[in-house]
Amino acid sequence: MGNSNLRVWILVAVLGLLGVVLVVNRWKSSSFTPTAAADQMPSGMPGIKNDGLPQQPITRIEFLNAVFEKTKPSPLVARVLTAKAGTYPKDSLVAALVWAEETENAPLIALLNADLFESKMSDAPQEEIARNLIFAGAGAMETPTQSAYLFQLGKNYIDKGLAANPNNVPLLNALIVYQSEYLNAPMQFLGTLKNALKADSTNIELHFIHLNLLKKSQQWPKALKKCEKLISLQPQNPRWLFEMSDVFGVMGDSVNAKVYLNLAIKTQKSVQ
């Protein structure tokens, strides 16, 4: 998987995982299309019960031990991952990244991209590194040590990015995921959500995250209004019509659920 595919996975990872099915960017908010994202939603996003992730600092070695509990790395990958930052040349780090991609190890992919960034061997923006780590953490919540480490590392990058630009909506979106999934702190993520909406009231990813948080807390009337907002922003995207049908169904309104389901199917066929 190349860098561009990885970026797509991430945006999607966000959304998808969100059950919130939070995200993925590649989720470029202005052109975000959550169709793929919905299929790759991280299992630890809103909608999935969070029994609590470790809040104490997790070391890199603890993270790696958790990552390789079942899948053992090659000797080169093991040496690269446990070495001091900057010890190995770019080709060795890239080789380790290729191995992580081939084994579909999302937590390790996010970490190695961060390593390349820190070693000044990557032109990826800091914003992307932060989001990759946070979304990978959301997708790894079934393995608490991995998830906590990625959330903690990602938060460092979020803080740096927001210090430079407090209105960076993609980073604010990642912060909402951190606050809702890692901290489980409703008052914090609601405050961040409010600030993000002030910065960009048309950001698709942000509204999708909000929708899934509303669904998670079973605020169905508000969820319907959020679906309406998403439909108004992307009227040709069948995803939001499917979401509307789903919410009506949960509310027991089978008539409207069927109406929007049919509309979603019709719209989907028209854009294929």
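The values are calculated or read from the model by the stated rules, or taken from the named source; none is laboratory data. Note that the structure is a prediction, hence the values are computed from the model and not measured. Heads up, the Cβs are rebuilt from the backbone with ideal geometry, glycines too, and the neighbour counts pull from every protein chain shown.
Values for this structure:
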item	result
Helices (runs of 4 or more DSSP H) lying entirely in segment 127-203 (those with 1 or more residues that are at pLDDT below 95 and over 23 Å from Val67 (Cβ atoms))	186-199
Residue within segment 101-111 that is in the same structural domain as Tyr178 (by TED's automatic domain parsing), within 24 Å of Pro166 (Cα to Cα) and in contact with a strand residue (DSSP E or B) (Cβ under 9 Å, 6 or more places away or on another chain) present	no
Residue check for Ala140: crowded, with 22+ Cβ neighbours inside 10 Å and within 25 Å of Asn105 (Cβ to Cβ)	yes
Count of segment 37-93 residues which are in a loop (DSSP other than H, G, I, E, B), modelled with pLDDT of 80 or more, touching a Ser or Thr at 6+ places or on another chain (Cβ under 9 Å) and closer than 17 Å to Glu142 by Cα	5
Hey, Ala130 in contact (Cβ under 8 Å) with a residue 24 or more places away in the chain, over 19 Å from Thr192 (Cβ atoms) and hydrophobic (A, V, I, L, M, F, W, C) or not	no
Qualifying residue in segment 209-224 (condition: of a type outside the set (Phe, Trp, Tyr) and within 21 Å of Glu128 (Cβ to Cβ))	yes
Extreme residue, farthest from Thr192 (Cα to Cα), among residues of segment 151-170 that are among the polar types (S, T, N, Q) and surrounded by 14 or more Cβ atoms within 10 Å (Cβ to Cβ)	Gln152
